[in-house]
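The values are calculated or read from the model by the stated rules, or taken from the named source; none is laboratory data. None of these values were measured; they are calculated from a predicted model. Reconstructed Cβ throughout: ideal geometry from the backbone, glycine too, with neighbour counts over all protein chains shown. Each accessible area value is taken on the protein alone, full model and side chains, heavy atoms only, with ligands, DNA and RNA left out. Shrake-Rupley method; radii C 1.70, N 1.55, O 1.52, S 1.80 Å.
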Amino acid sequence: AQLVESGGGLVQSGGSLRLSCAASRSIFNLNAMAWYRQAPGKQRELVAGITVGGRSTNYADSVKGRFTISRDNAKNTMFLQMNSLKPEDTAVYYCNTLPFRTSLWGQGTQVTVSS
């Protein structure tokens, strides 16, 4: 797999999780990257994006001020620090390029926030 997500789990409302995305070097070093999520019965949505160099980021309004995206280009790894989690953050979280490539979707990592 070229993109592998990890770090999900079950957490109480208000808690924190840190997701990781390990990527192949050929993909990671040449692309802006992003985190996406898909909740049950909903379409997949963009959560946060980051430029190749990591200097510019953008967030969905629903996570602004709570989530922080970052990347370590030396380790071909991207992160999503999620704080103040809410039940509505429950979803499978995926990493991919920005814009995404259909062929790169992986298994994702499940995040479940209990109330």
| field | Whichever lysines have a C-alpha closer than 22 Å to that of K42, once near sequence neighbours (fewer than 8 apart) are set aside | value | K64, K86
| note | The alpha-carbon pair-distance distribution computed for the range 36-87, with 5 angstrom bins and whole-percent values, is 5, 18, 27, 24, 16, 8, 3, 0
| message | So, for the range 4-109, what is the accessible surface per residue at a probe of 1.4 Å, expressed in square angstrom? | response | 52
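Given a cut-off of under 8 Å on Cα pairs at least six residues apart, what relative contact order in percent is computed for the range 1-56? Kindly include the intermediate steps, with their values, before the conclusion.
Values: 61 pairs, mean separation 14.6, N = 56.
Answer for the range 1-56 is 26 percent.
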| request: Heavy atoms only, probe 1.4 Å: what % of the accessible area of the range 1-83 goes to carbon and sulfur, would you let me know? | output: 47
| Choice from L80, L17, L30 showing the highest fluctuation, given a GNM over the chain with Cα pairs closer than 10 Å | L30
| task | Could you tell me which of P87, W35, I50 has its Cα farthest along the dipole of the chain towards the positive end, charges placed at Cβ (Lys, Arg +1; Asp, Glu -1), taken about the Cα centre? | result | I50
| request: Tell me which residues come under 5 Å, amide H to amide H, from K86 once H is placed; ignore anything under 5 positions away on its chain. | output: G14
| remark: Residue-ordered couplings for the range 31-38, obtained by feeding phi - 60° into the Karplus form 6.51 cos²θ - 1.76 cosθ + 1.60 and rounding to whole Hz (Gly and Pro as x), are 10, 5, 10, 7, 9, 10, 8, 9
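If the viscosity is 1.567 mPa s and the temperature 4 °C, what Stokes-Einstein diffusion coefficient in µm²/s follows for the chain when Rh is the Kirkwood radius over Cα pairs? Before the final figure, lay out each step's value.
Numbers: Rh = 13.9 Å.
Roughly 93 µm²/s, to the nearest whole number.
I'd like the trypsin sites (Lys or Arg not before Pro) in the range 60-115 restricted to DSSP loop residues with at most 14 other Cβ atoms within 10 Å, sorted by number. Kindly include the intermediate steps, with their values, before the conclusion.
Details: sites: K64, R66, R71, K75, R101; in loops: K64, R66, K75, R101.
Hits after loop and neighbour filter: K64, K75, R101.
Let me have the relative contact order for the chain, percent, based on Cα pairs under 8 Å that are six or more residues apart.
Working: 271 pairs, mean separation 42.8, N = 115.
Reported as a whole number, the value is 37 percent.
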